[in-house]
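*Asks:* If you scroll down you'll find the structure; I have some questions about it.
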Amino acid sequence: FYLLFAGAIFLYSCHASKNDQPSAVYTPDSKALYDSIVHMDSILFGAYNSCDLETMASCFSEDIEFYHDQGGLMTNKDSIMAATKNNICGKVTRQLVAGSIEVYPIADYGAIEMGQHYFINNREPKPDKPSIGKFVHTWKKENGEWKLTRIISLH
């Protein structure tokens, strides 16, 4: 009886784990929302890469929170912009991992964007295999414009 019971549990767990595996193919709930957020990502990081601080700041909500696994938490838009100016401009370039963005709607708020990217130190030779990090961005529709309210950056 115990052997039969253990066998049934084993078969159930194999079946459950096989069906519970995430799908390898992401399909957005809304193509229009996906396209809007991917466009905002390109505006934000185009500004980041070219040190267009005015455009970059315009992408941030006034109540921005930036969680960085190595740098900690920043909750002041002016501090984030100053850190970008002092530590990023002309020194670092962000590269999106092609096809990695996923966008999920948040009812009556906006959207969550998740993806992968890496950063190139422009003062060093480009690495053969860059270290890929993950990011989660929370976008809010404020007065008809997309604003980034939360950033989670994991390296």
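*Asks:* Pull out the extension gain between LEU53 and TYR109, defined as 0.36 nm times the separation in residues minus the alpha carbon to alpha carbon distance; nm, one decimal.
*Replies:* Between LEU53 and TYR109, full extension yields 17.6 nm more.
*Asks:* By how many nm would the segment from ASP128 to LEU96 lengthen if fully extended, with 0.36 nm per residue of separation less the alpha-carbon distance?
*Replies:* The ASP128-LEU96 span can extend by a further 9.9 nm.
*Asks:* Then there is this: How long is the gain from GLU62 to GLU142 if the chain were fully straight, where each residue apart is worth 0.36 nm and the alpha carbon distance is subtracted?
*Replies:* Stretched out fully, the GLU62 to GLU142 stretch lengthens by 27.7 nm.
*Asks:* What nm distance separates the two modelled labels at TYR26 and HIS39, each placed 7 Å from Cα along Cα→Cβ?
*Replies:* For the pair TYR26/HIS39, the computed spacing is 1.9 nm.
*Asks:* Okay, next question. In whole Hz, with x marking every Gly and Pro, tabulate ³J(HN,Hα) for the range 81-91 from phi via Karplus 6.51 cos²θ - 1.76 cosθ + 1.60, θ = phi - 60°.
*Replies:* 5, 5, 5, 5, 4, 7, 10, 10, 3, x, 10
*Asks:* Still on this structure: For a 29 Å ceiling on Cα separation, which of these pairs sit above it: LYS91/LYS134; LYS31/LYS85; LYS85/LYS129; LYS91/LYS141; LYS31/LYS126?
*Replies:* Correct reply: LYS31/LYS85; LYS91/LYS141; LYS31/LYS126.
*Asks:* Quick check for you: which residues of the range 54-80 have the amide N under 12 Å from the point 7 Å beyond the Cα of ILE152 toward its beta carbon?
*Replies:* 67-69
*Asks:* Given N residues in the range 94-155, what is its alpha carbon radius of gyration divided by 2.2 N^0.38 Å?
*Replies:* The value comes to 1.34.
*Asks:* Follow-up question, since we're still on this one. Hey, got the dipole for the range 91-155? About the Cα centre, +1 on K and R Cβ, -1 on D and E Cβ, debye to the nearest 20?
*Replies:* 280
*Asks:* Using every alpha carbon pair in the range 51-155, what percent of pairs falls into each 10 Å bin from 0 up to the bin containing the largest distance?
*Replies:* 14, 43, 36, 7, 1
Readers should treat all values here as calculations from the given coordinates under stated rules, not as data from a laboratory. These figures come from a predicted structure and were not determined experimentally. Virtual Cβ from ideal backbone geometry, glycine too; neighbours counted across all protein chains shown.
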